[in-house]
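First the structure, in the form of C-alpha cells, and then the observations on it.
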Amino acid sequence: MAKLTEKDILSWNGPEEDYMNPDHLEFFRELLLKNKAELLANASQTSQNLQEQEATPDPADRATLEEEYALELRTRDRERKLLMKIESTLRKIDDASYGYCEDTGEPIGLGRLVARPTASLSLEAQERRERMKKQYAD
C-alpha cells in the first residue's frame, strides 16, 4: 500500500481491530523521526550560535544578548525533554503498544496522535489527570 498521508489518517474509519495497523505505525514512525531530526537540527544551530557569541562592550546590549541566550537555552531544554519522549514513543511503536492509553488501555485516537504524536493518554484520561492535579494543587 502507498504511504499514508495526514489526511488519510484523519479520515480513516476502518474496523476497530485495524487500529494501529502497520501502515499507521509507519506513518507515526516517520512523523516522529522527522520531528526528532528537526529538534536535533535546532540544537545544533543553537550550539553554533552560542559559539559565535560576540563580546559587546555596551552593558545594555550584553544584557539583551544574555537574555536571548537564556530564552534559547530554555527552549532547547524543553526540546531535549521532547526528544526523550520521542525516543520513548519510538520504542512503543517497536513493541506494538503505541496508540493505546497508558491508564485505560483504550485507543488514544488517530486525530489526537496526529496532533500530538507523543501522547500516551487518551483525551479523557489526560483531562482526568489534569483535574486531579488541579484539585490537589489548590
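The values are calculated or read from the model by the stated rules, or taken from the named source; none is laboratory data. Note that the structure is a prediction, hence the values are computed from the model and not measured. Don't worry about glycine lacking a Cβ; one is built from the backbone with ideal geometry, like all the others, and counts go over all protein chains shown. Side chains included, ligands, DNA and RNA excluded: accessible areas come from the protein's heavy atoms. Shrake-Rupley method; radii C 1.70, N 1.55, O 1.52, S 1.80 Å.
A few notes on this one:
- Boolean, Tyr69 is under 21 Å from Arg129 (Cα atoms), hydroxyl-bearing (Ser, Thr, Tyr) and either at pLDDT below 85 or touching a helix residue (DSSP H, G or I) at 6+ places or on another chain (Cβ under 7 Å) (or both): no
- Residues that are among the charged types (D, E, K, R) and either farther than 19 Å from Gln126 by Cα or open to solvent by less than 90 Å² (accessible area, probe 1.4 Å) (or both), drawn from region 86-113: Glu87, Arg91, Lys92, Asp94, Asp95, Asp103, Arg112
- From Ala119, Ala55, Ala125, residue being among the small types (Gly, Ala, Ser), out of contact with any strand residue (DSSP E or B) (no Cβ under 7 Å at 6 or more places or on another chain) and open to solvent by 40 Å² or more (accessible area, probe 1.4 Å): Ala55
- Glu124 under 30 Å from Ser11 (Cβ atoms) and out of contact with any Pro (no Cβ under 9 Å at 6 or more places or on another chain): yes
- Filtering region 1-23 to residues that are open to solvent by less than 80 Å² (accessible area, probe 1.4 Å) and more than 18 Å from Lys92 (Cα to Cα) leaves Ala2, Leu4, Thr5, Asp8, Ile9, Ser11, Trp12, Gly14, Pro15.
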